[in-house]
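Data block below; observations after.
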Amino acid sequence: MVLAVGSPFQIVRTTGIYVDGGSAEVTSIGEMLAALIRRPTGFPVAVSPIGTQSAGSIILRLAPDRAALGDEGYELKVTSDSVSLVANRPAGLFRGIQTIRQLLPPDIESEMGLERYDWSIPALSIADKPRFAYRGAMLDVSRHFFTVREVEQYLDVLALYKLNVLHLHLSDDQGWRIQIDSRPKLTAMGSLTQVGGGPGGFYTKQDYQDILRYAQARYILIVPEIDMPSHINAALIGYPELACSARPPALYTGTDVGWSSLCVDKEETYDFVDDVIRELSAMTPGPYFHIGGDEVKTLTPEQYVKFIERVQTIVNKYGKKMIGWEEITKAHLNPTTIAHQWKSDSATAAVAYGSKLILSPAPKVYLDMKYTPATELGQHWAAYVEVRDSYDWDPATYMKGVTERDIFGVEAPIWSETLRNITAVEYLAIPRLPAVAEVAWTPQAVRNWESFRTRIVTHQQRWNYLGINFYRSPQLPW
Ligand code: ACM
């Protein structure tokens, strides 16, 4: 809900930010807003405890009586005198700051110290909270490896659009990308290449901690994925005794899928799976572990189901909730398990187990799909996906038998077969990722393509300042 009234708030040299003094977390959110304002304005923007403020202040406050705002909702009231941001939880303050950012002129993203600029925020009153609890993006760091800094750059984009999950696809046939101490050959032998034959790479535990910390500061959860029992070739190079694949394990730089598999009838396979899930769960603070489970072409249905059910037990044993691609609904799922729809309506079977769904319908939100036949990057096996396709759909009516209540959230995956660096990722993600972010955040009744298309083009100047690559869709009024 937005109400606009009166003259704007002006940020000037003396503007200060006042925060709930008792909370170090709110202070650090205040510091993030201060840093954002200092960079382009050159103003000092002090951050101080509430109680000493005068007119002309920006106030960030937690209010326990605003429980209805949930974990991420916020209320923003801007008058010519003050900016007041209130939330039930710190994450709501962080989301609200992104709104303040978007209400300021695009030059707020510059670094030029534009002291004499008119830094105004329109007078308004907003009460805002997300439609879905899980609003994600996935980055495939296996087909091509992305550095920690590149992952952080993508996290910055997620934060700007109020997404709260980055799902990292950490292993596939082409590369194993995460250090596991009990299985050192995973990275020593399985990380050495990528699609097309480049050098690949992997995250050390310290690298992974760095990514987690960067994400946490932006209230973004990391969901790690180890794809199994197929998409597993990179793991089998160092541990060939676990292989039941059609081809002998060797470094693989192509893009076929479904041909590799763990031997699911061997006990030692489950020792391996236990080692990996135990270590990766211990280094991941979030409650979810994604086990892949997709595109298995070399096992019988019985073998597949038995494997998924055993892995579910292992994931739960280490205190995590399992997420798996929609194929896992062939197995008996626990109600805490989440089925990740991507290609069909088979995920509806999850509802019968009391499980919830994440929706990533490929013809809508697979960001590696080409926009049009002329798009140089990406694939097109699901569809050509223009910006309007990503925006103009309703998760609650997308699948028969699935209602709003059954949906945990929406995620936009990006598979990296054709994407060698984060600039290429951004070209496919922008403006579709902001479109999906709005699908996931904003209630259906107040979403509308005409409004989105005119609002999103105004972000062009921000993307330019931030060095974010994007696609100039002919559907938008640039
Ligand atoms: C998938 O795209 N194979 C989940």
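The values are calculated or read from the model by the stated rules, or taken from the named source; none is laboratory data. Just so it is clear, the model here is predicted, and its values are computed rather than measured. Cβ atoms come from the backbone with ideal geometry, glycine included; neighbour counts cover every protein chain shown.
Condition first: in contact with a strand residue (DSSP E or B) (Cβ under 9 Å, 6 or more places away or on another chain) and not polar (S, T, N, Q). Now tell me which residues in the stretch 328-344 satisfy that.
Just the residues of the stretch 328-344 that are in contact with a strand residue (DSSP E or B) (Cβ under 9 Å, 6 or more places away or on another chain), to begin with: 328-329, 331, 333-343.
Correct list: I328, A331, L333, P335, I338, A339, H340, W342, K343.
Can you tell me which residue among S260, S281, S245, S230 is modelled with pLDDT under 95 and of a type in the set (S, T, N, Q)? Only one candidate qualifies: S245. Residues considered: A246, A234. Of these, the only one that is assigned to a helix (DSSP H, G or I), among the aliphatic types (A, V, I, L, M) and closer than 23 Å to V195 by Cβ is A234.
Hey, does the stretch 443-458 have a residue that's part of a helix (DSSP H, G or I), crowded, with 18+ Cβ neighbours inside 10 Å and within 16 Å of the chain's Cα centre (by Cα)? Checked the stretch 443-458: no residue is part of a helix (DSSP H, G or I), crowded, with 18+ Cβ neighbours inside 10 Å and within 16 Å of the chain's Cα centre (by Cα).
Scanning the stretch 147-179 for residues that are of a type outside the set (S, T, N, Q), surrounded by 23 or more Cβ atoms within 10 Å (Cβ to Cβ) and over 15 Å from the mean Cα position of the chain (by Cα) gives D172, D173, G175, W176, R177, I178.
Among the residues that make up the stretch 164-186, is at least one of them assigned to a helix (DSSP H, G or I) and in contact (Cβ under 8 Å) with a residue 40 or more places away in the chain? Yes, the stretch 164-186 contains a residue that is assigned to a helix (DSSP H, G or I) and in contact (Cβ under 8 Å) with a residue 40 or more places away in the chain. Please state which of the following conditions P287 fails to meet, knowing it meets all the rest: (1) over 27 Å from A246 (Cα atoms); (2) within 16 Å of the ligand (Cβ to nearest atom); (3) at pLDDT 95 or above. It is condition (2) that P287 fails. Can you tell me which residue in the stretch 249-298 is surrounded by the most Cβ atoms within 10 Å (Cβ to Cβ), limited to those that are over 24 Å from T193 (Cα atoms) and of a type in the set (A, V, I, L, M)? Applying the filter and picking the extreme gives V264.
Within the stretch 310-334, residues that are farther than 20 Å from A349 by Cβ sit with their Cβ atoms under 7 Å from residues that are of a type in the set (D, E, K, R) and in a helix (DSSP H, G or I), at 6+ positions apart or across chains, in these pairs: I314/D274; Y318/R278.
Do we have Y239 as in contact with a Phe, Trp or Tyr (Cβ under 8 Å, 6 or more places away or on another chain), hydroxyl-bearing (S, T, Y) and farther than 19 Å from S416 by Cβ here? Yes, satisfied.
Do any helices (runs of 4 or more DSSP H) lying entirely in the stretch 319-399 carry at least 2 residues that are away from the ligand (no atom under 12 Å from the Cβ) and of a type in the set (D, E, K, R), and which ones are they?
Working: elements: 349-352, 362-365, 387-391, 395-398.
Those helices (runs of 4 or more DSSP H) span 387-391.
When you look at G324, is it surrounded by fewer than 24 Cβ atoms within 10 Å (Cβ to Cβ) and either small (G, A, S) or touching a Cys at 6+ places or on another chain (Cβ under 8 Å) (or both), yes or no? No.
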